[in-house]
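First comes the structure, then the notes that go with it.
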Amino acid sequence: MEIVPSTFLALAAVLAMLLRGPYGAVSIFMALMPFGAAAAFNLPALGGASIGVADLGAVAIFGLVCLLPNSLERIAGTMRPWQPGFFLLLLALVCVIAALFLPRIFAGQTEVFGISRSEGQIGIVRLPLTPGTGNITQLFRMVLGFLTFFALATILRRKPDEGLVLRAMITCTLVQFVLGWIDVTAHAVGLPQILDPIRTANYSLLTEARMGGMKRMVGGFPEASSFGFLTLGLFGFWLQVWIASPASRAAPWMFAASTILLVRSTSSAAYVAAAVFLATFAIWTLLTRLRRTARRRSVAIAATTGMLFWVGVLVIFGAYQLVSPVTEFLDNALFNKMGTSSGVERMSWNSQAWINFTNTLTFGAGLGSVRASSWFMACLGSIGLIGTGLYIAFLLSFLRLSAPPEPALRTATLAGLKSGCLALLLSAMLTHATPDLGVIFFALSGLAAGLSRGALLESPPSGNRSA
């Protein structure tokens, strides 16, 4: 085990979580999300795999839940049949089987794109299917997500406090905002090494990249796309809360902060995913809110947003035609992306993932064996038809979560968590290499599941205080 400077950050966070208890630990845990390039420690024995500070935080918060009285009963309550936790439990079992057995059963029967480490070089190459350390590390990452979901769902189920969720999301947003601007400012003043103590994971670091002459914002992440991924989830959450809860004083400021970060990230993946998310969000709003009973504020916001969107499109189109730096930036960020060697290579990953799916009789080549460029294709190639079906069942049951209409802030918070997860899912559909949606996705979905179930248990008409 290799100790790095950010190890002390991880230990301090875990100590603070232990002192605050499971409810106070939620904000501390969410504050660790922006430290995507910070390792709690590295494991040379597992090919240099890194355990991130957020990974250690996930284990810590699940451990805190296990220390609660009747912890097994409480955790089991999040696995009620036909609820999100139930499908996630089944998915976890499939992932274990897929990681440990499928690469051995189908060894040599198909070729996969995987990470090759030779002579200090790391690259994606096509190799015959064989068991490897990637199966263990990817299973570990998925298990971390599952533990995060069950821990946060259990905490919020026993105490459905929307204020706790909002404080945690504010903390996460502020840390992301601060780290992002420290990154950009440090480069501007000639001190790019200032964030090196939290960039200790064994990832390929693209912290010096520029686009259109502008430094790409990466904050505490290894590169702009992962920074944009978290930012997009925050953007989706705060957009929904701002629209649905006019009484929230923090929502407009946090929405503005996440919007600034999203634009400044220069992540083409985040831009495309944001456009798809906004279109989806607008359609959903039209179907669910713009009725006779809709509040004037909702109508006004939707109409204003639509007008601003079209004005923005016209301005960007004009600038693209007339201003050379804007033309260069948009070409690099969006329009020329698929024609690059990287874009062509990524599309070949998806094609090979489909071949892996068919060559293994739809069972998949094993979790951690396949690398694609789309979450859906990665799922098919890795965990097969059964695993992908359970994953989709989990997502659908999650999107159906509801809560009593009062208090309004709780309903808005639940809707915000679902909106943030939707934004992350859409981004993953476009770019994710593996079935893992990340600790942040399972954190938001766990908070939503716990808040929904806890609110329903508190609702007087239910008369049910068990589970």
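The values are calculated or read from the model by the stated rules, or taken from the named source; none is laboratory data. Please read all numbers here as calculations on a predicted model, not as lab measurements. All Cβ positions, even for glycine, are placed from backbone atoms using ideal geometry, and neighbour counts span all protein chains on display. What goes into the accessible areas is simple: the full protein's heavy atoms, side chains included, and nothing from ligands, DNA or RNA. Shrake-Rupley method; radii C 1.70, N 1.55, O 1.52, S 1.80 Å.
If the Cβ limit is 7 Å and pairs must be 6+ apart or interchain, which residue in segment 21-32 that is in contact (Cβ under 8 Å) with a residue 40 or more places away in the chain and on the phi > 0 side of the Ramachandran plot pairs with which residue that is assigned to a helix (DSSP H, G or I) and hydrophobic (A, V, I, L, M, F, W, C)?
GLY21/LEU64
Does any residue of segment 186-202 turn out to be modelled with pLDDT of 95 or more, farther than 22 Å from SER6 by Cβ and either more than 17 Å from the chain's Cα centre (by Cα) or of a type in the set (Lys, Arg) (or both)?
Here is the first cut: in segment 186-202, the residues modelled with pLDDT of 95 or more are none.
For segment 186-202, residues modelled with pLDDT of 95 or more, farther than 22 Å from SER6 by Cβ and either more than 17 Å from the chain's Cα centre (by Cα) or of a type in the set (Lys, Arg) (or both): absent.
Could you please find all residues in segment 163-184 being in contact with a helix residue (DSSP H, G or I) (Cβ under 7 Å, 6 or more places away or on another chain), open to solvent by 70 Å² or more (accessible area, probe 1.4 Å) and either among the aliphatic types (A, V, I, L, M) or without any contact (Cβ under 8 Å) to a residue 40 or more places away in the chain (or both)? So that I can check it myself, show each step before the final result.
Step one: of segment 163-184, the residues in contact with a helix residue (DSSP H, G or I) (Cβ under 7 Å, 6 or more places away or on another chain) are 164-173, 175-177, 180, 182-183.
Remaining after also requiring open to solvent by 70 Å² or more (accessible area, probe 1.4 Å): 167.
Those that are in contact with a helix residue (DSSP H, G or I) (Cβ under 7 Å, 6 or more places away or on another chain), open to solvent by 70 Å² or more (accessible area, probe 1.4 Å) and either among the aliphatic types (A, V, I, L, M) or without any contact (Cβ under 8 Å) to a residue 40 or more places away in the chain (or both): none in segment 163-184.
What about GLY219, is it touching a Leu at 6+ places or on another chain (Cβ under 6 Å), open to solvent by less than 30 Å² (accessible area, probe 1.4 Å) and part of a helix (DSSP H, G or I)? Show your work before the answer.
On the way: touching a Leu at 6+ places or on another chain (Cβ under 6 Å): yes; open to solvent by less than 30 Å² (accessible area, probe 1.4 Å): yes; part of a helix (DSSP H, G or I): no.
When the stated conditions are applied, GLY219 does not pass them.
In this structure, does ILE28 turn out to be part of a helix (DSSP H, G or I) and within 22 Å of the chain's Cα centre (by Cα)? Give the derivation first.
On the way: part of a helix (DSSP H, G or I): yes; within 22 Å of the chain's Cα centre (by Cα): yes.
Spelling it out, ILE28 is indeed part of a helix (DSSP H, G or I) and within 22 Å of the chain's Cα centre (by Cα).
Evaluate the following for VAL65: is it open to solvent by less than 20 Å² (accessible area, probe 1.4 Å), touching a residue at least 60 places away in the same chain (Cβ under 8 Å) and outside any helix (DSSP H, G or I)? If you could, list the steps in order and put the result at the bottom.
Values: open to solvent by less than 20 Å² (accessible area, probe 1.4 Å): yes; touching a residue at least 60 places away in the same chain (Cβ under 8 Å): yes; outside any helix (DSSP H, G or I): no.
In short, no.
Give the residue that is nearest to GLY145 (Cα to Cα), with candidates limited to residues of segment 68-86 that are open to solvent by 30 Å² or more (accessible area, probe 1.4 Å) and assigned to a helix (DSSP H, G or I). Show your work before the answer.
Initially, segment 68-86 is screened for residues open to solvent by 30 Å² or more (accessible area, probe 1.4 Å), giving 68-70, 72-74, 76, 79-83, 86.
With the extra rule that they be assigned to a helix (DSSP H, G or I), the set shrinks to 72-74, 76, 86.
On the way: LEU72: 18, GLU73: 20, ARG74: 18, ALA76: 17, PHE86: 15 Å.
Ranking the qualifying residues of segment 68-86, first place goes to PHE86.
I'm trying to understand the selection: among the residues of segment 389-422, which are surrounded by fewer than 18 Cβ atoms within 10 Å (Cβ to Cβ), among the hydroxyl-bearing types (Ser, Thr, Tyr) and within 14 Å of SER459 (Cβ to Cβ)?
SER402
Search segment 436-467 for residues being outside any helix (DSSP H, G or I) and at pLDDT 75 or above, and hand back the single one that is nearest to VAL165 (Cα to Cα).
At the first step, the residues of segment 436-467 found to be outside any helix (DSSP H, G or I) are 436-438, 459, 463-467.
Narrowing the set further to residues that are at pLDDT 75 or above leaves 436-438.
On the way: ASP436: 23, LEU437: 20, GLY438: 19 Å.
Within segment 436-467, the match that is nearest to VAL165 (Cα to Cα) is GLY438.
Filter segment 374-392 down to residues that are within 18 Å of the chain's Cα centre (by Cα), of a type outside the set (Phe, Trp, Tyr) and more than 11 Å from VAL94 (Cβ to Cβ), then give me how many there are.
Total meeting the criteria: 4.
Of the residues in segment 33-46, how many are open to solvent by less than 10 Å² (accessible area, probe 1.4 Å), out of contact with any Cys (no Cβ under 9 Å at 6 or more places or on another chain) and touching a residue at least 60 places away in the same chain (Cβ under 8 Å)?
Pass one, segment 33-46, residues open to solvent by less than 10 Å² (accessible area, probe 1.4 Å): 34, 37-40, 42.
If we keep only those that are out of contact with any Cys (no Cβ under 9 Å at 6 or more places or on another chain) as well, we get 37-40, 42.
Next cut, touching a residue at least 60 places away in the same chain (Cβ under 8 Å) only: 37-39, 42.
Result for segment 33-46: 4.
Which condition does HIS187 not pass, out of (1) of a type outside the set (Phe, Trp, Tyr); (2) within 30 Å of ASN70 (Cβ to Cβ); (3) open to solvent by 20 Å² or more (accessible area, probe 1.4 Å), if it passes all the others?
(2)
Please enumerate the residues belonging to segment 366-387 that are touching a Phe, Trp or Tyr at 6+ places or on another chain (Cβ under 6 Å), assigned to a loop (DSSP other than H, G, I, E, B) and of a type outside the set (S, T, N, Q).
Of everything in segment 366-387, those that are touching a Phe, Trp or Tyr at 6+ places or on another chain (Cβ under 6 Å), assigned to a loop (DSSP other than H, G, I, E, B) and of a type outside the set (S, T, N, Q) turn out to be ARG371, ALA372.
Which one of ILE3, ILE28 is at pLDDT 95 or above and aliphatic (A, V, I, L, M)?
Values: ILE3 fails: at pLDDT 95 or above.
Answer to the check: ILE28.
What number of residues within segment 353-388 are farther than 18 Å from MET429 by Cβ and open to solvent by 30 Å² or more (accessible area, probe 1.4 Å)?
7
Taking the criterion of being outside any helix (DSSP H, G or I) and among the hydrophobic types (A, V, I, L, M, F, W, C), would at least one residue in segment 241-260 satisfy it? Working first, answer last.
The first filter runs over segment 241-260 and keeps only residues outside any helix (DSSP H, G or I), leaving 245-249.
Adding the requirement that they be among the hydrophobic types (A, V, I, L, M, F, W, C) leaves 247.
Yes, the conditions are met somewhere in segment 241-260.
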